[in-house]
């Protein structure tokens, strides 16, 4: 499940290639009853984590025939109806835009203006129905080892929670129930079954979904669970992969930044000036910068943002408020508070607005060959960088440095030099601020939908106006050709079994050990379409 950002929260991810070489990753697969190609082409995941509780929020788009289909996602525990809810789609766009890499514009102020303080940057401070349980004694016929642990309806989803004793039995059960399983998916299922995962099967009633040119926009799902592991299962989604996968995970945690424990970590190069052409091609510029970062740091997960969720500077969109944090899961955390965020616990001892939560954005891009295991998250120390702060000699800070607070962002600037008259004896150059004549500054531009942006790696040196040494880029100097990405193939051997945990949400999934660079994109491991005429229960099926 995504995205996004969805963490988790949340994270944007897909298993199909549309017009670009990368797509959004998916934590599961779609299943259907026909041989049609089914894809998850846009997933966002937001993860919220506190103690052993993970809240995974995921938004997915489905591309395929306008018939009934289902999502299959590994989860670490048996979920009940009170653990699952649908969310408004707008919340994912809010998170994705807030922590996205940003492009700002500055104008040099009149060098003869008296008593001008250096500009700090164009800051924009902004601050149920009764539970229905399925019969746990109900197993598929022929003793396939599959048990329906719970079943319930949420929005347009008919949800079944399954457990399985072996992957071949689960594969057979799904096929008998009308699900068209992606070819080569059994080895991926095997690892999750061996780790004790449950399987979240969400059947979508096509009559309740709007289709536009074969694309269905689904209601976002949120679910929470308790597990000592904090991981995101993404390998299952590789069963439907159709090329490189792009995964963005948004993680929200009180006072804590996260990165990954089982892949290299790197921060995105930040705080350098770019050419005016970046205004109209910012997405292309940033996508090529990101790709170059991975060429220099293979298999790394890239930190693009780490900042208090209740503030931003500069802000592509307003910071998160308490009600939005509650929507994303603060209402079910142990420290929830009734004064703006959370439930009735700890009344009066919570936080104001969105402050107190750190929003971290992690970005990965991978193929079947490069993703060996799910993403496992770990607490990381605070960092700063990407701000309009100058040190000794007026030099702008570059990169990420350790700090006592989290103030890091991917930020790039277009600077318009003063072109007016200079009629004073001691002009002060290099004082930057808003447009001349008091015009309002433009809001920072955010780099969005990066999986679908055309890649122009050769153009990167034409965008930068200064050297970016950490990735070997100099203005106007051609880059060496990057190695071609390997074609996606089904692995000859099954992936290693994940640890106990699971993909209970795909965004912050402390689940079955399935966690990978693509996992951040969501707890949906596999996506497969399905068409079926009857509800998925063992006793309803009659051969």
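Each reported figure results from applying straightforward, stated rules to the coordinates on display, with no laboratory input. Predicted, not measured: the structure shown is a model, and the values here were computed from it. All Cβ positions, glycine included, derive from the backbone under ideal geometry; neighbour counts span all protein chains shown.
Of all alpha-carbon pairs in region 390-459, indicate the percentage at a distance above 16 angstrom.
On the way: 1755 of 2415 pairs.
When every Cα pair of region 390-459 is considered, 73 percent fall beyond 16 Å.
Given R₀ = 51 Å, what would the calculated FRET efficiency be for residue 277 paired with residue 207, taking r from the Cβ atoms and rounding to 0.05? Write out the running numbers ahead of the final one.
Numbers: r = 47 Å, r/R0 = 0.93.
Step by step, r from the Cβ atoms, then E = 0.60.
Can you pull the one-decimal nm distance between simple spin-label points at residue 415 and residue 153, each 7 Å off the Cα toward Cβ?
Each label point lies 7 Å from its Cα, and together they span 6.2 nm.
When a footprinting reagent is the concern and you count Cβ atoms within 10 Å, what order do 112, 312, 424 take, fewest first? Walk me through the numbers before you get to the answer.
Values: 112 16, 312 27, 424 12.
By the 10 Å Cβ count, ascending: 424, 112, 312.
I need 467, 105 ordered by Cβ neighbour count within 10 Å, fewest first.
Numbers: 467 14, 105 19.
Least to most surrounded, the residues fall as 467, 105.
Fewest first, what order do 276, 313, 259, 96 take by the number of other Cβ atoms within 10 Å? Before the final figure, lay out the partial values.
Working: 276 12, 313 20, 259 23, 96 27.
In order of increasing Cβ crowding within 10 Å: 276, 313, 259, 96.
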